[in-house]
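The values are calculated or read from the model by the stated rules, or taken from the named source; none is laboratory data. Bear in mind that the values here come from a model prediction, so they are computed numbers and not experimental data. As a convention, Cβ positions derive from the backbone with ideal geometry for all residues, glycine included, and neighbour counts pool all protein chains shown. Quick note on the areas: whole protein, heavy atoms, side chains included, nothing else; ligands and nucleic acids left out. Shrake-Rupley method; radii C 1.70, N 1.55, O 1.52, S 1.80 Å.
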Amino acid sequence: MSTRRIVLIGASGQLGTALQDVFTGREVHAPAHREVDFEDDTALERLLEQTQPDLLINCTAFHNVDLCEREPLRAFAANALAVDRAAGICAARDTAFLTVSTDYVFEGTLRRAYREDDAVGPLTAYGASKAAGEFLTRRHGPRHYIIRTSGVFGTTGTSNKGYTLIEKVLRQAERGEPTRMVDDMIFSPSYAPHVARAVRDLVDARAYGTHHVTNVGAVSWYAFVQRAFAKTGYQNAALEPISHAELGNPTRRPMFSPLENTTFAAIGVVPLPGWEEALDEFLTARRLRVTAAAANGF
Ligand SMILES: NC(=O)c1ccc[n+]([C@@H]2O[C@H](COP(=O)([O-])OP(=O)(O)OC[C@H]3O[C@@H](n4cnc5c(N)ncnc54)[C@H](OP(=O)(O)O)[C@@H]3O)[C@@H](O)[C@H]2O)c1
């Protein structure tokens with residue numbers, strides 16, 4: 001039985017928007033946050049009863065890492081307890097459940113890319129709450145997908161920041177403003193449309209379990225932005241590498257958290273392109289958007 005009917009919560013976010021684009025030809029119910037709060041299990045149950053989906057996708061999170069440190073109860077409520085309730089509701093209805101997790105479940109000290117079966121060791125309240133969300137999902141049985149991704153960039157801004165980092169720094173360069181980027185945090189960037197495609201393929205293959213879904217390769221934030229500037233003609237923009245310590249941010253973060261996928265080959269899912277190709281694709285799409293907006297007088 002293929003997945004024909006989907007409920008998608010968090011549909012207006014970076015990943016949610018991209019997922020709406022790839023699940024064409026299916027019945028996708030994507031209520032806004034104000035219509036259904038993922039933390040309200042009664043509302044969630046009512047929605048599932050009304051729509052009878054084959055799959056519930058959770059793209060919500062409380063993912064402001066610094067705020068999670070200050071408000072761990074809120075982090076665990078959103079990223080763990082609400083996920084636990086949703087997974088339980090799905091299991092009781094025999095509905096598959098998909099939730100999105102993060103490289104921040106890892107400590108970042110392994111010095112190689114993390115694989116799906118590596119031990120978690122979160123440094124932050126955010127990472128701990130997401131790891132708890134994973135464990136709590138698994139306890140409800142096998143019909144779940146846990147998608148770990150990292151450094152997501154797409155065309156839609158995140159709900160708590162309102163912009164994507166890459167969009168923010170490109171605009172700074174356009175205005176001639178200097179940019180400082182951390183050069184000692186290494187991660188795997190993830191272009192939302194590529195992640196969404198792989199998620200669709202995993203769902204179509206009914207490949208339940210935990211999957212790392214990022215663009216292939218690893219880079220520092222500084223080198224990532226440096227390439228974006230070079231590709232957009234801002235190679236002379238003021239871009240300064242700094243260390244995470246120089247930021248003066250008290251929240252410890254994983255310093256080396258690239259993710260490696262070890263599950264796609266056996267399932268026949270096509271690996272995501274390298275991060276360089278993904279960034280180029282993003283920049284091409286952005287250029288077309290900007291040109292179209294200018295032509296329309298925006
Ligand atoms: N962004 C990254 O770099 C990154 C990295 C690793 C993992 N992840 C994970 O990827 C997932 C998606 O992230 P994203 O970047 O796409 O997030 P996002 O852009 O901030 O989108 C979050 C979405 O969830 C909605 N939402 C938040 N709380 C909700 C609630 N209680 N009930 C209903 N809807 C709610 C938001 O709606 P409103 O805007 O209306 O509130 C928005 O549509 C998250 O699980 C995150 O932890 C993200």
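Quick notes
- Using the Cβ-Cβ distance between residue 223 and residue 32 with R0 set to 30 Å, the FRET efficiency from 1/(1 + (r/R0)^6) comes to roughly 0.25.
- Accessible area (Å², 1.4 Å probe, nearest 10) - residue 33: 140
- Computed helical MRE - 222 nm, the chain, DSSP H runs ≥ 4 contributing -39500 (n - 2.57), nearest 500: -12000 deg cm²/dmol
- Largest to smallest in accessible area, the residues 275, 221 fall in the order 221, 275 (1.4 Å probe, all protein chains included).
- When both bridge partners sit in the chain, DSSP labels roughly 5% of those beta bridges antiparallel.
- Charge tally for residue 273 (other residues, Cβ to Cβ under 13 Å; Lys, Arg +1; Asp, Glu -1): -3.
- Potential lengthening of the chain between residue 139 and residue 67 amounts to 23.1 nm, from the contour at 0.36 nm per residue minus the alpha-carbon distance.
- Rolling a 1.4 Å probe over the protein chains gives residue 244 an accessible area of about 20 Å².
- Solvent exposure ordering (accessible area, 1.4 Å, most first) of 234, 104, 191: 234, 104, 191
- Measuring nothing but how far apart in sequence close Cα pairs (under 8 Å, 6+ apart) lie, relative to its length, the chain scores a relative contact order of 20 percent.
- Equivalent ellipsoid dimensions for the stretch 68-159 as semi-axes, Å, which come from the Cα gyration tensor, largest first: 22, 16, 14
- Ranked by how many other beta carbons lie within 10 Å on average, peptides 90-99, 77-86 from highest: 77-86, 90-99
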